[in-house]
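Below is one structure; the comments refer to it alone.
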Amino acid sequence: MLALARTRAPKAEFHLGSFVSAALPECVAVTAIGEVLNYRFDPANDNRARAGFFRRVHEALLPGGCSCSTSRGPGGEAGAAPDVLRGADWAVLVETELDAPARALTRTITTFRRVGTLYRRDVELHRLALIDPEDLLESLRGVGFEAGTIPGYGTSPLPPGW
């Protein structure tokens, strides 16, 4: 993804790192879109790490700056039936498993893409911690943000649990 971004925006500066520890330069906006705060691949990702991230964001933002993030909370988990999306030469199968007591969601995404006369298959495993929105708001407000939730972007509503 970084190579693609550098190709499309050669004058931009990109850094690879975890939100848990990445240094942030002065800026006017910070986004964490696409369940960034939920992923469990970094064992240090917990409420304390997210609070530290929010503190660094608050310190990096210039006056009038803003931050926007999306995250998954409890609710809106898919049912037992897998989701299937398909096109003329591709298909995506998404299976979701919820561990409600652990507040964890595991998503297995299997993709098929035709290459010539054969199909190429790939499997992604996404492990998420479901975060209570009130915990996030408390962390954000605790470092000085004015924080709230929104039901969607413009006229496009967010799915349940976001």
TODO: Kindly indicate the residue of the range 65-98 that is of a type in the set (D, E) and modelled with pLDDT under 90 and also nearest to the chain's Cα centre (by Cα) among those meeting that condition.
DONE: E77
Task: Among residues of the range 1-57, those that are surrounded by 14 or more Cβ atoms within 10 Å (Cβ to Cβ), small (G, A, S) and not in a strand (DSSP E or B), counted - done: 4
Task: Of all residues making up the range 103-162, the number that are exposed (fewer than 12 other Cβ atoms within 10 Å of the Cβ) and within 22 Å of P82 (Cβ to Cβ) - done: 8
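The values are calculated or read from the model by the stated rules, or taken from the named source; none is laboratory data. Predicted, not measured: the structure shown is a model, and the values here were computed from it. Glycine also receives a Cβ, built like all others from the backbone with ideal geometry; neighbour counts cover every protein chain displayed.
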